[in-house]
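These notes concern the structure reproduced below.
The values are calculated or read from the model by the stated rules, or taken from the named source; none is laboratory data. No experiment lies behind these values; they were computed from the predicted model shown. Glycine also receives a Cβ, built like all others from the backbone with ideal geometry; neighbour counts cover every protein chain displayed. When the accessible area is computed, the model is the full protein with side chains, heavy atoms only, and any ligands, DNA or RNA have been set aside. Shrake-Rupley method; radii C 1.70, N 1.55, O 1.52, S 1.80 Å.
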Amino acid sequence: MACSDNSAHNAVKDYYGKVLSSTSDLKTSACSSRSAPHPLVCRIIKTIPSAVNDKFYGCGNPIPLGIEGKDVLDLGSGSGRDCYVAAALVGPQGSVTGVDMTDELLQTARENIDAFGTALGYTPNLKFVTGYIEELKAAGISDSSADICISNCVVNLSPNKPLV
């Protein structure tokens, strides 16, 4: 990994993948929002499996409304909560890809897609790939493959922000 700092990545992976087991384990209150998400987003969040919501470590809501049919890329998707919300908003004609380096969170994200599809009434075009946000091509993300790119307080954790 020539363009990344392994020690920084390992520290982040250890904290989010092994130290934390739910949002109540966060060691800071910095990740909080002053207001609730849009009511539509709140309704969607209630349909997301609890295993995903319980491991949400983001700050607020980076997802715009009016994205039906769009292709969304989430950098540092974690347990996938923002991806699940985006999948509901893009509908069956859009797609959502989450990229994360933390195996434990990716496992949670992947394990709950079918249950969420049941809640939606269709199988969402939702996938999670293992990778570093500084090295999207290595994760299988091609240039110009997304209409919208979101990230929820993850770019600040990158040891090489110019590559993001």
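Looking only at the stretch 51-101, count how many residues are among the acidic types (Asp, Glu), in contact with a Ser or Thr (Cβ under 9 Å, 6 or more places away or on another chain) and not in a strand (DSSP E or B).
Looking only at that region, the number is 2.
Does the stretch 44-56 contain at least one residue that is more than 30 Å from Pro159 (Cα to Cα), touching a strand residue (DSSP E or B) at 6+ places or on another chain (Cβ under 8 Å), at pLDDT 95 or above and surrounded by 22 or more Cβ atoms within 10 Å (Cβ to Cβ)?
no
Restricting the stretch 108-148 to residues that are open to solvent by 50 Å² or more (accessible area, probe 1.4 Å) and of a type in the set (Ser, Thr, Tyr), which is farthest from Val41 (Cα to Cα)?
Ser142
State whether one or more residues within the stretch 81-94 are over 15 Å from Asn125 (Cα atoms), in contact with a Lys or Arg (Cβ under 6 Å, 6 or more places away or on another chain) and open to solvent by less than 30 Å² (accessible area, probe 1.4 Å).
No, because not a single residue in the stretch 81-94 is over 15 Å from Asn125 (Cα atoms), in contact with a Lys or Arg (Cβ under 6 Å, 6 or more places away or on another chain) and open to solvent by less than 30 Å² (accessible area, probe 1.4 Å).
State all residues of the stretch 149-163 that are open to solvent by 50 Å² or more (accessible area, probe 1.4 Å) and assigned to a strand (DSSP E or B); if no residue qualifies, say none.
Cys149
Right, Ala115: more than 14 Å from the chain's Cα centre (by Cα) and not acidic (Asp, Glu) or not?
Spelling it out, Ala115 is indeed more than 14 Å from the chain's Cα centre (by Cα) and not acidic (Asp, Glu).
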